[in-house]
Amino acid sequence: MINLSFLQDFPKDFNFGVATSSYQIEGTMYGNCGKSIWDDFAERKLNGIDGKLACNHIEYFKEDIKLIKDAGFKAYRFSFAWPRLFPDNNKDVNLKGVDFYKQLLEEINNCDLEAFPTIYHWDLPIRFQKIKGWEDQETCKHFGELSFFISKTFGDQFEKISTINEPWCVSWLSHYLGEHAPGIKNIQSAAKTMHNILFAHSQSVEALRSCNDHQIGIVLNNQFGQPIDSNEENIQATKLFDEIHNRWFSDAIFKGKYPELALSILEKYLPENYKTQLELISSPIDWIGLNYYTRSLIKYKKSDDGVDYECNSGTLKKTDMGWEFYPEGLSYFIKRINKEYDNNIPIYITENGMANNDKLSLGNRIQDHDRIEFFNVHLKEVLNCVNEKLPVKGYFAWSLLDNYEWAFGYSKRFGLVFTDFQNFKRIPKNSYYEFQKYLK
Ligand code: FCB
């Protein structure tokens, strides 16, 4: 029987937590929240399936924090919604929004959980799309101001904070592949946002440092790329995939440069002063967040813009997203950060988890055995790294609740807790109880 009994072998101060994000759980119809690019994208591309209600976390947050506490977790990673704090413009703050995050942080701290806020998890106020959102560095400047505001207003309630969740998704997935808001598909936009989202990070770090004594991080999503076979073309294609998906961001943050192959394609679209800005982008951070889900098999495929590869999936066991179980990739990236980038920086696994087609069975139980297996195989990799004395300090399961899974709407369930989207009832799944058994 696969279980999580080895959780007890982690060091006492290892931080186990769960993660969520604002747009995916809060419900934008509550508390004067403004519109974001996701509301617009949902209307245009997803038949209006949006985050208006989501999990109604705004009204249920106390219950949700209690669920985290009762499972024995020690930390909670969540994000601030920019359009909730500044719904209409960049000056007039929404007091209901401020009040919500104050109450939320108070509840987290009263429950002796550690708050790990993220400033940006994709819900960009729609007004910025008039200036093309992240394609314009004005947005980055405003992001610096938002960061200052958050630190000044809430900064006494937490120690660690991260600036941006998954810059690859904000840029490439949303501006080259067009799968996420704002749904753009062109290489110029992609290249600009690949750089600007990192510039935004630098603006945020500067603002946070000027305001408070935080431990600052950024959350990168790394995906393992494997050549589909040993053909030289496919090996080169995999290198390019790895640079665009992974190294672009870690090279910039830790080394102040962009990787060669990717740069040879994207450089012509970058602002002239990008090298100067890379100096700011690589100013030191205090910890790094790693989100990890799966691998891709990479095959050479000629294209007009130089992005000559395609991603395939293999024959390993898959989640409901069609993502393969590939736990080896998690320890691979932990080691890579440590050995190739910074051998001191504390590493937090800020997201890892799986979608499963969960169904209620008799007695309101949810037998999500596959999810327990997913956590089992990934956490074993993490434990091995801890035992090898790598500085991995925490692990956050994605996610506390079934929620709005972006372009998939409510059809993909990632929660440790089942959400009934009709009445907002929360029903812990077996995976939740499995964590509880060994964490409590
Ligand atoms: C990550 C996102 C998170 C969630 C998971 C499944 O890329 O950060 O919001 O959607 O994937």
So, first residue more than 21 Å from SER399 (Cβ to Cβ) in the stretch 285-301, second residue within 15 Å of the ligand (Cβ to nearest atom) and of a type in the set (Val, Ile, Thr), Cβ within less than 7 Å, six or more apart or across chains; the pairs are ILE285/ILE218
Could you grab me the full set of residues in the stretch 286-345 that are within 16 Å of the ligand (Cβ to nearest atom), surrounded by 18 or more Cβ atoms within 10 Å (Cβ to Cβ) and of a type in the set (Lys, Arg)?
ARG295
Given the criteria in contact with a strand residue (DSSP E or B) (Cβ under 8 Å, 6 or more places away or on another chain) and either closer than 26 Å to PHE249 by Cβ or open to solvent by 10 Å² or more (accessible area, probe 1.4 Å) (or both), does CYS169 qualify?
yes
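Here is a yes/no grid of residues against (1) part of a strand (DSSP E or B); (2) among the polar types (S, T, N, Q); (3) under 17 Å from the mean Cα position of the chain (by Cα):
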site: GLU340; (1), (2), (3): no, no, no
site: ALA355; (1), (2), (3): no, no, yes
site: GLU381; (1), (2), (3): no, no, no
site: ALA397; (1), (2), (3): yes, no, yes
Looking only at residues that are more than 20 Å from the chain's Cα centre (by Cα) and open to solvent by less than 40 Å² (accessible area, probe 1.4 Å) in the stretch 152-166, which one is nearest to PHE249 (Cα to Cα)?
GLY155
Selection within the stretch 362-407 - open to solvent by 10 Å² or more (accessible area, probe 1.4 Å), more than 14 Å from the ligand (Cβ to nearest atom) and within 20 Å of ASP420 (Cβ to Cβ)
LEU362, GLY363, ASN364, ARG365, GLN367
Taking the conditions exactly as written (closer than 19 Å to THR139 by Cβ and either part of a helix (DSSP H, G or I) or in contact (Cβ under 8 Å) with a residue 24 or more places away in the chain (or both)), does ASN221 satisfy them or not?
no
Scanning the stretch 70-117 for residues that are buried (at least 16 other Cβ atoms within 10 Å of the Cβ) and among the basic types (Lys, Arg), the one nearest to ILE349 (Cα to Cα) turns out to be ARG77
Are any of the residues in the stretch 411-427 within 28 Å of TYR332 (Cβ to Cβ), open to solvent by 10 Å² or more (accessible area, probe 1.4 Å), within 15 Å of the ligand (Cβ to nearest atom) and under 20 Å from the mean Cα position of the chain (by Cα)?
yes
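Considering only the stretch 172-196, state which residues are assigned to a helix (DSSP H, G or I) and open to solvent by 10 Å² or more (accessible area, probe 1.4 Å).
LEU173, ILE187, GLN188, LYS192
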Can you pull out every residue in the stretch 346-361 that is within 16 Å of the ligand (Cβ to nearest atom) and surrounded by 13 or more Cβ atoms within 10 Å (Cβ to Cβ)?
TYR348, ILE349, THR350, GLU351, ASN352, GLY353, MET354, ALA355, ASN356, ASP358
Any residue in the stretch 228-235 that is over 13 Å from GLU310 (Cα atoms), free of Cβ contacts under 8 Å to residues at least 24 places away in the same chain and not charged (D, E, K, R)?
yes
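Given the residues ILE285, ILE244, which is the only one that is touching a helix residue (DSSP H, G or I) at 6+ places or on another chain (Cβ under 6 Å) and β-branched (Val, Ile, Thr)? Give the steps one after another, and end with the answer.
Working: ILE285 fails: touching a helix residue (DSSP H, G or I) at 6+ places or on another chain (Cβ under 6 Å).
Answer to the check: ILE244.
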Going through the stretch 251-285 in order, the residues found to be under 18 Å from the mean Cα position of the chain (by Cα) and open to solvent by 10 Å² or more (accessible area, probe 1.4 Å) are ILE285
If you check THR28 against the conditions, is it of a type in the set (S, T, N, Q), within 28 Å of GLY144 (Cα to Cα) and open to solvent by 20 Å² or more (accessible area, probe 1.4 Å)?
yes
Among the listed residues ASP136, ASP123, identify the single one that is at pLDDT 95 or above and touching a Ser or Thr at 6+ places or on another chain (Cβ under 7 Å).
ASP123
Could you go through the stretch 246-267 and let me know if any residue there is assigned to a strand (DSSP E or B), in contact (Cβ under 8 Å) with a residue 24 or more places away in the chain and within 16 Å of the ligand (Cβ to nearest atom).
no
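The values are calculated or read from the model by the stated rules, or taken from the named source; none is laboratory data. Everything numeric in this text was worked out from a predicted model, so none of it was measured. No Cβ is skipped: glycine too gets one built from the backbone with ideal geometry, and neighbour counts run over all protein chains shown. For accessibility, only protein heavy atoms count, side chains too; no ligands or nucleic acids. Shrake-Rupley method; radii C 1.70, N 1.55, O 1.52, S 1.80 Å.
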